[in-house]
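Quick notes on the structure that follows.
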Amino acid sequence: MANTTLGFLQIQPLLILADAGEALSTPELGRRMAAATGRPPYKSGALATMLNRLEDDGLVRSTHDATAQGLPGRPARLYELLPAGRERLNDQIGQIRRLMAIADRVSGLAA
């Protein structure tokens, strides 16, 4: 797994999965990401591609759930956050907090 900085789009599903505490389907992840950001949902293909990359990096794991609805005639694919994903997310959150402290100073919000 490369230890590169994750982009905003990549951090979102990791945050949503960490908050959920359970595996979520691609459509559910998309709905929760849209609700959290106030932006329109990502197209399912773009989200699936991103989730596949996160899985390739060992940050999430997917399983098929025959009892959940996926695309017509196919089982749902569920994603769960792996320990490496949680660790990487925590590293990213630390970086974001340090940047926010600078942003607060620059904008004059911090005393």
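The values are calculated or read from the model by the stated rules, or taken from the named source; none is laboratory data. Quick caveat: nothing in here was measured; it's all calculated off a predicted structure. As a convention, Cβ positions derive from the backbone with ideal geometry for all residues, glycine included, and neighbour counts pool all protein chains shown.
Mind telling me which of the residues Ala66, Ala36 ends up being surrounded by fewer than 17 Cβ atoms within 10 Å (Cβ to Cβ) and touching a strand residue (DSSP E or B) at 6+ places or on another chain (Cβ under 6 Å)?
Sole residue among the options that is surrounded by fewer than 17 Cβ atoms within 10 Å (Cβ to Cβ) and touching a strand residue (DSSP E or B) at 6+ places or on another chain (Cβ under 6 Å): Ala66.
Tally up the residues in the range 59-82 that are of a type in the set (A, V, I, L, M) and at pLDDT below 70, please.
2
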